[in-house]
């Protein structure tokens with residue numbers, strides 16, 4: 001037996017793209033084990049409406065647990081329900097997306113089922129009957145190949161590091177009645193939304209990052225414009241110097257004391273390329289650097305560079321990309 | 001109010017790390033070790049909360065080897081009142097659950113109503129020990145917190161989450177993991193450094209189980225192919241966009 005469970009993340013009742021990626025990996029691990037991939041989707045009433053779509057990425061069964069108590073994201077409640085699903089079906093591997101929610105939830109589930117957890121892995125393989133993960137450590141300065149001496153094994157997967165593999169198949173939906181734990185001592189009392197349309201830097205497929213070369217918070221509209229031209233799925237990033245100076249929030253920081261990212265396209269604008277920043281973005285698919293200093297270390301990891309002043313280059317770049325996208 | 005802060009000794013984030021072929025750990029020679037950056041935020045948060053409540057003790061605790069005493073002394077110099085070293089035989093591993101069990105086994109007998117952690121350690125980036133300890137001790141936990149305030153038997157935390165800030169309230173005793181916010185750690189004064197030498201540092205044997213998540217090999221990240229300078233200034237933009245579209249196929 002080697003069945004694999006994918007935790008499908010939803011927000012406001014909609015299945016998130018990362019869930020498709022986690023299910024895709026679950027299917028490939030299950031294939032390696034000669035087992036099957038299942039998914040679990042939790043939420044309020046009606047969350048299961050599109051649960052069958054996860055079958056298109058390889059989930060043969062989708063466990064759907066609907067309860068008003070699961071509508072919000074109280075991690076204690078979700079962890080208890082997921083742990084029960086894992087226990088009752090005896091999964092050998094449990095996979096989460098390493099999103100903000102997943103990073104909070106996975107350790108709680110792992111502790112409940114007494115299973116070791118490898119966080120934020122960028123590669124998963126099977127070797128016979130065991131699962132092996134590769135995860136960046138020291139902020140991306142090294143890659144650790146990790147193995148498990150226990151079953152189940154729990155892993156959280158870095159978003160965008162795996163991709164999806166879709167088909168027309170539909171998963172079999174199996175509704176269940178979740179047992180909601182009592183005496184939860186955490187209450188969500190408020191949520192203050194950031195500006196609309198913003199994508200988190202660790203989930204974005206394109207990132208526009210600014211460094212000290214931007215000379216001040218007041219010049220960020222130039223980067224905002226480029227982000228707008230690149231379209232949805234684009235996030236703003238920042239170097240540590242910029243966050244330390246208070247120009248941008250820490251949530252945007254890329255590097256060892258911020259986010260480690262792997263987008264399809266990364267723009268480093270006015271970033272010289274300190275070692276801890278490079279470690280955090282060097283696994284991006286394509287890197288573009290714009291910097292005045294031709295000797296800046298950022299050019300050593302960039303695929304394409306422009307030597308020049310950000311204030312000179314950015315408006316032209318934004319216009320050119322906007323024109324290209326307008327052509328379709 | 002008494003607070004305990006769980007910390008870790010890690011290589012300085014500015015350090016270049018080295019390891020040999022087939023190694024499962026880095027070479028410690030020439031590496032400068034520091035208090036993990038996120039733990040600094042947790043320590044500062046504890047010091048401020050204790051100052052605000054007048055008379056609370058701040059204790060720092062770590063699971064580690066003998067050399068972690070240096071890190072604990074640094075925390076004492078910054079203002080912590082007492083330190084506990086849970087002495088591990090051999091190195092602390094990447095198995096966060098084993099670490100969490102060792103910490104929980106000590107914490108369950110202590111009286112602090114608030115336990116703080118950095119959201120993750122600057123070395124293995126697992127981001128898991130705080131919520132695991134909370135789960136083992138059946139205490140509520142808020143992770144990735146940028147600021148908090150204490151109430152009567154409760155703590156109210158601002159968490160940085162996807163798409164904004166979530167405000168959660170928890171009953172004490174509770175566990176909080178800190179991220180970068182307004183808690184830049186104060187510098188240790190000369191007086192603080194002198195005083196730290198006399199502050200209590202208790203060393204106890206850790207109740208540390210065998211690791212069940214093991215590092216089998218370390219590798220350097222793949223080198224990136226040498227890129228190219230497309231040109232200088234705004235004149236290079238059309239060529240850059242063409243390359244991104246036709247060669248890299250990312251636009």
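Read-outs throughout are calculated quantities, based only on the coordinates presented, and are distinct from any laboratory measurement. Treat the numbers as computed from the prediction; the structure is a model and nothing was measured. Because the Cβ atoms are built from the backbone with ideal geometry, glycine has one as well, and the counts that use them run over all protein chains shown.
List of remarks:
- Building the convex hull from the alpha-carbon atoms of chain A and averaging its projection over directions returns 17.8 nm².
- Scattering curve values for the protein assembly as shown, log₁₀ I(q)/I(0), Debye with Cα scatterers, q = 0.09 Å⁻¹: -0.69
- Helix-only mean residue ellipticity at 222 nm for chain B, each DSSP H run of n ≥ 4 adding -39500 (n - 2.57), per residue, nearest 500: -7500 deg cm²/dmol
- The modelled label-to-label distance for the pair residue A:180/residue A:167, using points 7 Å beyond Cα in the direction of Cβ, is 3.8 nm.
- On Cα atoms only, tilt of A:17-33 relative to the major axis of chain A in degrees: 60 degrees
- As a calculated quantity, the FRET efficiency between residue B:190 and residue B:32 at R0 = 25 Å, using C-beta atoms, amounts to about 0.75.
- Tilt relative to chain B, helix B:37-53 - C-alpha long axis, 0 to 90 degrees, to 10: 40 degrees
- Region A:33-149, relative contact order in percent, only Cα pairs under 8 angstrom and at least six apart counted: 17 percent
- The modelled label-to-label distance for the pair residue B:147/residue A:221, using points 7 Å beyond Cα in the direction of Cβ, is 2.7 nm.
- Overall shape: prolate for region A:1-103, with the ratio a/c of the largest to smallest alpha carbon gyration tensor axis at 1.5 or above and a/b above b/c.
- Label-point gap, in nm, between residue A:326 and residue A:129 - each point 7 angstrom along Cα→Cβ: 6.3 nm
- Highest-fluctuation residue, B:124, B:158, B:219 considered, GNM on chain B with Cα pairs under 10 Å: B:219
- Span from the region B:70-104 Cα centroid across to the region A:48-81 one, whole angstrom: 37 Å
- A quarter of the convex hull surface defined by the alpha-carbon atoms of region A:145-279 gives 13.8 nm² as the mean projection.
- Rounded Å value of the spacing that divides the Cα centres of region A:214-256 and region B:150-224: 26 Å
- Taking every alpha-carbon pair under 8 Å whose residues sit at least 6 apart, chain B reaches a relative contact order of 24 percent.
- Degrees between helix B:68-78 axis and first principal axis of chain B (Cα, 0 to 90, nearest 10): 80 degrees
- Average 1/r across all pairs of distinct alpha carbons in chain B, invert it, and you get the Kirkwood radius: 20.1 Å.
- Coarse-grained scattering of region A:197-248 at q = 0.22 Å⁻¹, given as base-10 log I(q)/I(0) from a Debye sum over alpha-carbon atoms: -0.77
- CD proxy at 222 nm, helix term only [per DSSP H run n ≥ 4: -39500 (n - 2.57); per residue of chain A; nearest 500]: -8000 deg cm²/dmol
- When each of the peptides A:38-46, B:26-34 is scored by the mean number of other C-beta atoms lying within 10 Å of its residues, the order from highest to lowest reads A:38-46, B:26-34.
- Prolate/oblate/rounded call for region A:81-209, Cα gyration tensor, a/c under 1.5 rounded: rounded
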